[in-house]
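Okay, structure first, notes after.
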Amino acid sequence: MRDQLELQKRLTTQLYEGVLTDDGWKDALHTISEFTDSPQASIIVLDTRRKTLAVNETFGMPHETAEAYNAYYNQLDEGNAFIDTTPWGGWYLDKRDFSERAIQKSAFYQDFMLRHEMSTTLCNRMFAMGSSEAYLSMQRRPGQKEYTGRELTTFSKIIPHVQNAVRIRLHMQSLSERAGLSSMVLDHLQVPLLVLDEFGHILLSNAACEQLMRQQPCLTLRNGCLQPAGLRPGHFNQMLENACGRQGPAIASGALLPSVAGQHALQLLMLPLPTKLQAFNTWSRPLALLVLNTPNASHGDPYVLLQQIYGLTPAETRVALSLCQGDIPKEIALRNGVSVDTVRFQLKTVFAKTGVNRQTDLIRLLAPMKLFEHTT
């Protein structure tokens, strides 16, 4: 009993001290594993929009096991059926809530749990934060005793501390992720832009965009989602879905918002999140990059946009724009005074930087930029 109390005190300290570092947090999860006699202890996050569970951080679970769960087996997890009926702070215990006979017939248990040396799962529904819910999940191996009601009463004593620490940890992760993406964007892109998810939630905006939004009454927010005024109903949402690839290959699109209250008309360019920014997409879901521009702004020139957004060189930019105008590599080579092989190599580099595989895909991606061409 004394050892359990000492372990509980150590865990409480580790939880609050560990939120700042990965190593410290790993130590806290390790102590949770010891306290609950569970070889594996993990923080699971539920995306309430998509109804998908994912292992966020874990102790004792091999990396390949967590990857397999997040990629496929989360969809088969029998615990999904108990998400809405488990009270906050309450426990889901598979051997209690899901019958032994059902477990024997379950593909999740037979193909995933047992194959990865897990025999039973205990999960606490901790709290909701935005569009996510956080869970503490623990597993025991075949041959270990099953979790008991008395143990659940004991484990419940640490849950308030785990809840507070996980809430802080997830918030700090979010800030760190936003900082990573924003530093990349702010350092290299001067054009006003927003990073959006498929629902229109603003995940990131740079200073130029924030200034433009203050000046443009047509850029309205509803429940944290961008809803530009002046477009036909559903048009903006369709642009988002196209850029996020929710209904097929991710494609770009453009639109023009008419002038309002004496302000200039506003050009919108919705792009799939560029390849060079995907490394910073730790939101783990499809995102779109929305570029905003007023007519005749210098940064709105397609030549400038291609260099800023995709990191193309001047030569690569000329090749990409010429291709979009209908020129073939031989014509581009002749105009630029280089060999056809050089143009083909430049095109290959353009494909890699823009995330496309064919000339037709590149043309489809860049076609909306014609909206940004200056008019005289």
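Which numbered condition trips up N124, out of (1) surrounded by fewer than 19 Cβ atoms within 10 Å (Cβ to Cβ); (2) within 27 Å of the chain's Cα centre (by Cα)?
(1)
Any idea which residue in the stretch 183-207 is modelled with the highest pLDDT, counting only those that are surrounded by 17 or more Cβ atoms within 10 Å (Cβ to Cβ) and among the small types (G, A, S)?
Once the filter is applied, the top-ranked residue is G200.
Report whether or not L175 is open to solvent by 20 Å² or more (accessible area, probe 1.4 Å) and at pLDDT below 85.
Yes.
Of the residues Q4, Q8, which is among the polar types (S, T, N, Q) and out of contact with any helix residue (DSSP H, G or I) (no Cβ under 7 Å at 6 or more places or on another chain)?
Answer to the selection: Q4.
Given the structure, is A68 of a type outside the set (K, R) and out of contact with any strand residue (DSSP E or B) (no Cβ under 7 Å at 6 or more places or on another chain)?
Yes.
If L231 satisfies all but one of (1) assigned to a strand (DSSP E or B); (2) surrounded by 17 or more Cβ atoms within 10 Å (Cβ to Cβ); (3) modelled with pLDDT of 85 or more; (4) not basic (K, R), what's the number of the condition it fails?
(1)
The values are calculated or read from the model by the stated rules, or taken from the named source; none is laboratory data. Values in this document were obtained by computation on a predicted structure and should not be read as measured data. When we count neighbours, we look across all protein chains shown, and the Cβ atoms used for this are built from the backbone with ideal geometry, even at glycine. Quick note on the areas: whole protein, heavy atoms, side chains included, nothing else; ligands and nucleic acids left out. Shrake-Rupley method; radii C 1.70, N 1.55, O 1.52, S 1.80 Å.
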